[in-house]
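**Q** Dropping the structure in here first, questions after.
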Amino acid sequence: MEREEIGALGPTQICVGWWEVELRAARLRTRPWLERAALVERKILPVVRTSDGRARLLDGHHFVLALASSGWIDPVRVETVADLRGTRHPLLEMSQRGWLHLQLRGGETAGPDALPTRLIDCPDDPHRSLAWALRKAGGYDKSPHPFAEFAWADHLRPFIPLDPGDPITAGALRRSRQLAHRTEARHLPGWLAAPTATPREPSRRGARRRAA
């Protein structure tokens, strides 16, 4: 079983949704330590090892950041999907394999060199948080499609203006639900013609505002 310090984990995406991170961290803080420990033990994070000494996360960015923000300091379980430490240009190879999401929060595409080294240095994309909140509210199904939430974030971006550090309001979530079930969104991963259940809005209590 592999374990890795949280500080040694690196991202495979440029941006994260910091509102989501802080909301999940606030929830984790309410859990007893043993309950958090059991959650961490069940979670196995897929990583790619690169020549800069990082274990780059293929999934679980928001979970790990929320865990760290909640005060967790112990190593987490990982599984090495690929070891590229002997590769001359590991990020380029990861990009060619479709393992990187190199999009800035405005929708522009960057090169692999724009990828932060540390998770904590990822800038905020509030529409990524909105896409997560929309899924939690029954707006679309969880999908195995890589970076599915970013596809939804890009769909919502032109219709719902948000700046880095903005919280996700009830009004923004209502508007996103209206947009989610239109036929114009049917190409998106996890699309639903109608909600699967009564909408459930993520609570905003305890989520702190973070600017980029």
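**Q** G206 fails exactly one of the following numbered conditions: (1) in contact with a Ser or Thr (Cβ under 9 Å, 6 or more places away or on another chain); (2) at pLDDT 60 or above. What is the number of that condition?
**A** (2)
**Q** Separate question: Given the conditions (1) under 25 Å from H61 (Cα atoms); (2) of a type in the set (F, W, Y); (3) free of Cβ contacts under 8 Å to residues at least 24 places away in the same chain, report the number of the one that F159 does not fulfil.
**A** (1)
**Q** Now for a separate question. Since L100 meets every condition but one in (1) surrounded by fewer than 18 Cβ atoms within 10 Å (Cβ to Cβ); (2) out of contact with any His (no Cβ under 9 Å at 6 or more places or on another chain); (3) of a type outside the set (F, W, Y); (4) within 27 Å of D163 (Cα to Cα), which condition does it not meet?
**A** (1)
**Q** Moving to a separate point now. How many residues does the stretch 66-93 hold that are more than 14 Å from I14 (Cα to Cα) and part of a helix (DSSP H, G or I)?
**A** 7
**Q** OK, next. Any idea which of R42, R105, R24 is at pLDDT 95 or above and out of contact with any helix residue (DSSP H, G or I) (no Cβ under 7 Å at 6 or more places or on another chain)?
**A** R42
**Q** Follow-up. Among the residues of the stretch 19-38, are any buried (at least 21 other Cβ atoms within 10 Å of the Cβ), among the hydrophobic types (A, V, I, L, M, F, W, C) and closer than 24 Å to A114 by Cβ?
**A** There is at least one residue in the stretch 19-38 that is buried (at least 21 other Cβ atoms within 10 Å of the Cβ), among the hydrophobic types (A, V, I, L, M, F, W, C) and closer than 24 Å to A114 by Cβ.
**Q** I'd like the residue in the stretch 1-60 that is small (G, A, S), in contact (Cβ under 8 Å) with a residue 24 or more places away in the chain and assigned to a loop (DSSP other than H, G, I, E, B) and, out of all such residues, is nearest to W152 (Cα to Cα).
**A** G17
**Q** Could you check the stretch 186-200 and list, in sequence order, the residues that are modelled with pLDDT of 75 or more and more than 13 Å from R135 (Cβ to Cβ)?
**A** Listed by number, the residues that qualify are R186, H187, A193, A194.
**Q** Out of all the residues in the stretch 119-153, which are outside any helix (DSSP H, G or I) and crowded, with 17+ Cβ neighbours inside 10 Å?
**A** C122, D124, D125, A137, G138, G139, Y140, F147
The values are calculated or read from the model by the stated rules, or taken from the named source; none is laboratory data. A quick note: this is a predicted structure, and the numbers were derived from the prediction, not measured. Cβ atoms come from the backbone with ideal geometry, glycine included; neighbour counts cover every protein chain shown.
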